[in-house]
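Presented below is the structure to which this report refers.
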Amino acid sequence: MKYFILIFIILFTLAYNANAKQVVSVKGEYSYGPSISDNDACDRAIINGKNEATRRVSGENISNDTIENCVQDDCKIYEKTWSSLGKNTVITGISNVTKKIVEELGANTCKVTFDAEIVVIQENKNKDFYITTDYGDKKKVFKASSSLKAKDGDVLKMKVMISQPSYLYVYAWYPEDNADKLVHVISYPQYGDIKKSYNFPPSGEVYFLISDTNKKSSSSEYLLLIASKQKINLGKDIDFDNMKKLLYDIPTSNWTKQRISYTVVK
């Protein structure tokens, strides 16, 4: 009997550690000029703090692929946030947030402190379940069209290949517009049975634009491809952290993802 009790205790302990919660106290800051509001700057400071919390628990992890794509002033914060989506840590909430705006060396800086609650989830990845993509010469920088009608910029036509028949969900992240939201682009299959490959877009090509409200000459953008053996409801626009919560609530052997980063220039 003691043998079975010991086994039970060991298994229970492993399960508890696999999904153990941690509370990390962190600081974040963001220096900015007159073109950025105090609220936006503090939002970016919080993102920096969240990235720091994730780094403490999971370690640094930014791929060379995304670093080579960086041309923005906010490159570092974007790439760290994007890379954090691939980690098995989920920030389930923040509390005790304090904000303070100070002037340093002629620029304003928003400084924040908060406690981040993080869950580390035991991964059970299926190495035989993966996504590959083919979009020609693998461009990292795309020329934007001058208008919706002109369509005189670069185009993207991508084939998404999955090792097993799957549902496919495509989300975009436009941190220049909203650093918290992932935007639903399209889901497959649009009709019929699940497949091992899909065309993005289903017909034609994707053109790139930069919003007239964006005063910068370039914009960092990202695509998240999620393949799942089961149909899942990830919603339309979704917060970065909520996306991770939903994904890691599903056995990680049942889904896989691919992240693509690129830059659009005027």
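The table below gives the values:
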| item | result |
| --- | --- |
| Given (1) surrounded by 14 or more Cβ atoms within 10 Å (Cβ to Cβ); (2) at pLDDT below 90, number of the condition Phe129 does not satisfy | (2) |
| Strands (runs of 3 or more DSSP E) wholly inside the range 191-266 that include at least 2 residues being within 27 Å of Val155 (Cβ to Cβ) and touching a helix residue (DSSP H, G or I) at 6+ places or on another chain (Cβ under 8 Å) | 218-228, 255-265 |
| Residue among Ala172, Ala116 that alone is in a strand (DSSP E or B), within 21 Å of the chain's Cα centre (by Cα) and not assigned by TED's automatic domain parsing to the domain that holds Gln258 | Ala116 |
| Residues (surrounded by fewer than 17 Cβ atoms within 10 Å (Cβ to Cβ) and in a strand (DSSP E or B)) located in the range 135-169 | Val141, Lys143, Val155, Lys159, Met161, Ser163, Gln164, Pro165 |
| Flag for Ala18 being at pLDDT 75 or above, of a type in the set (A, V, I, L, M, F, W, C) and not assigned by TED's automatic domain parsing to the domain that holds Glu221 | no |
| Scope the range 180-190; condition in a loop (DSSP other than H, G, I, E, B) and in contact with an Asp or Glu (Cβ under 7 Å, 6 or more places away or on another chain); matching residues | Asp180 |
| Test: residue in the range 83-90 that is touching an Asp or Glu at 6+ places or on another chain (Cβ under 6 Å) and modelled with pLDDT of 80 or more | no |
| Matching residues in the range 218-245 - criterion: being over 16 Å from Ser187 (Cα atoms) and more than 13 Å from the chain's Cα centre (by Cα) | Ser218, Ser219 |
| Among (1) among the polar types (S, T, N, Q); (2) outside the structural domain of Asn242 (by TED's automatic domain parsing); (3) free of Cβ contacts under 8 Å to residues at least 40 places away in the same chain, the one test that Thr109 misses | (3) |
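The values are calculated or read from the model by the stated rules, or taken from the named source; none is laboratory data. Keep in mind the model is a prediction, meaning the values are calculated, not measured. With ideal geometry, Cβ positions are generated from the backbone for all residues, glycine too; neighbour counts draw on all protein chains shown.
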